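> Right, I'll just put the structure down here and ask away after.
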Amino acid sequence: VGEKITYTIKQLGFKAGEAVLSFEGLAAKDDKDFILIVFKADGMNFMDSEKIYADPKTLLPQIVVRNLNIFGKKEQITEYYESQNGKVRVVKTADGKTTQQVIVKKGSLDNIYCFIYRYRRDAEFKIGDMIAINLPTLDLQIKLEDKRNLVAAGKKYDAFFMQSTPSKYKLWFDISQQKIPLRIDGAVGVGNTTMTMKSYETKSAFASLVE
């Protein structure tokens with residue numbers, strides 16, 4: 001119900017694993033309706049699984065449920081957002097201990113995958129676009145720089161290229177109506193990683209979202 005994109009993860013030029021980013025459409029949680037985005041990355045020494053529940057209108061994060069296993073260190077993290085108030089409560093369980101932290105910032109709080117889907121849905125993709133992204137632990141400016149060629153899934157694409165300041169993320173979107181995220185650099189928290197699309201599947205729900 002939506003789309004599923006499979007990526008090859010590379011680190012320092014070598015394959016480090018695979019990731020799947022999927023748009024699941026409407027989903028209920030805690031008696032509320034959300035848009036559900038799911039991300040999962042698997043590699044030799046890491047696993048990152050995220051369920052991102054976003055507001056259907058704004059596509060800002062409301063709840064993020066995350067499971068991590070980095071070099072055998074396991075963590076369960078749930079983030080409860082008051083996105084438009086700039087507040088998030090982070091509940092973390094690791095080594096049998098649970099801790100809580102409240103982060104308050106100016107402006108709306110975001111999530112990189114929510115941003116990707118929101119930008120695809122709402123933006124006009126004009127060269128020079130500059131967008132502020134306030135993540136819980138980092139504030140960014142991300143700019144649509146230019147168009148570039150990119151090879152993904154065995155095919156050559158014309159792509160829009162975006163990068164952030166500070167230099168955390170680089171994003172490539174194909175220039176079709178769907179604006180598929182062909183490559184995402186910096187999203188997997190294990191060193192300097194790139195995710196390049198390996199395969200793409202789509203279903204009708206996403207088509208109705210982007211119309």
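The values are calculated or read from the model by the stated rules, or taken from the named source; none is laboratory data. Keep in mind the model is a prediction, meaning the values are calculated, not measured. Positions of Cβ are backbone-derived with ideal geometry, glycine not excepted, and every protein chain shown enters the neighbour counts. Only protein heavy atoms, including side chains, enter the accessible area calculation; ligands, DNA and RNA are left aside. Shrake-Rupley method; radii C 1.70, N 1.55, O 1.52, S 1.80 Å.
> Give all pairs with beta carbons closer than 7 Å in which a residue from segment 131-157 that is over 26 Å from PRO61 (Cα atoms) and in contact (Cβ under 8 Å) with a residue 24 or more places away in the chain meets a residue that is β-branched (Val, Ile, Thr) and part of a strand (DSSP E or B); count only pairs at least 6 apart in sequence or on separate chains.
Here the result reads ALA152/THR196, each pair linking segment 131-157 to a residue that is β-branched (Val, Ile, Thr) and part of a strand (DSSP E or B).
> What pairs come out if I take residues in segment 18-30 that are among the hydroxyl-bearing types (Ser, Thr, Tyr) and pair them with residues that are crowded, with 16+ Cβ neighbours inside 10 Å whose C-beta lies under 6 Å away, six or more apart or interchain?
SER22/LYS4; SER22/VAL38
> Looking at segment 1-51, which of the residues that are of a type in the set (Ser, Thr, Tyr) and closer than 21 Å to GLN62 by Cβ is farthest from the chain's Cα centre (by Cα)?
By that ranking, first place goes to SER49.
> Can you tell me which residues in segment 34-50 are in a strand (DSSP E or B) and either on the phi > 0 side of the Ramachandran plot or of a type in the set (A, V, I, L, M, F, W, C) (or both)?
Answer for segment 34-50, where residues must be in a strand (DSSP E or B) and either on the phi > 0 side of the Ramachandran plot or of a type in the set (A, V, I, L, M, F, W, C) (or both): PHE34, ILE35, LEU36, ILE37, VAL38, PHE39, ALA41, PHE46, MET47.
> Residue pairs, Cβ under 6 Å, 6 or more apart or interchain, first in segment 115-126 and at positive phi, second of a type outside the set (S, T, N, Q). List them.
PHE125/PHE160
> Here's another thing I want to ask about it. With the requirement that a residue be of a type in the set (Val, Ile, Thr) and not in a helix (DSSP H, G or I), what does segment 96-118 give you?
THR98, THR99, VAL102, ILE103, VAL104
> Moving on. Can you report the number of residues in segment 81-93 which are crowded, with 16+ Cβ neighbours inside 10 Å and not polar (S, T, N, Q)?
So the count comes out to 5.
> Over 23 Å from GLN178 (Cβ atoms), part of a strand (DSSP E or B) and not charged (D, E, K, R): is that true of ILE77 in this structure?
Numbers: over 23 Å from GLN178 (Cβ atoms): yes; part of a strand (DSSP E or B): yes; not charged (D, E, K, R): yes.
Yes: the conditions hold for ILE77.
> Next up: From the set of residues in segment 94-139 that are surrounded by 14 or more Cβ atoms within 10 Å (Cβ to Cβ) and polar (S, T, N, Q), which is modelled with the lowest pLDDT?
Here the residue is SER108.
> With the requirement that a residue be open to solvent by 10 Å² or more (accessible area, probe 1.4 Å) and in contact (Cβ under 8 Å) with a residue 60 or more places away in the chain, what does segment 44-57 give you?
Across segment 44-57, the qualifying residues are ASN45, PHE46, GLU50.
> Also, I was wondering about something else. I'd like to know if segment 82-102 contains one or more residues that are of a type outside the set (D, E, K, R) and closer than 28 Å to TRP172 by Cβ.
yes
> Select from segment 80-95 the residues that are outside any strand (DSSP E or B) and free of Cβ contacts under 8 Å to residues at least 24 places away in the same chain and list them in ascending order.
So in segment 80-95, the residues outside any strand (DSSP E or B) come out as 83-86, 95.
Selection gives ASN85, ASP95.
> In segment 1-43, which residues are open to solvent by 60 Å² or more (accessible area, probe 1.4 Å), touching a strand residue (DSSP E or B) at 6+ places or on another chain (Cβ under 7 Å) and of a type in the set (A, V, I, L, M)?
VAL1, LEU26
> Let me ask you something else. Restricting to segment 114-150, what's the tally of residues that are touching a Ser or Thr at 6+ places or on another chain (Cβ under 8 Å) and among the β-branched types (Val, Ile, Thr)?
Matching residues across segment 114-150 total 2.
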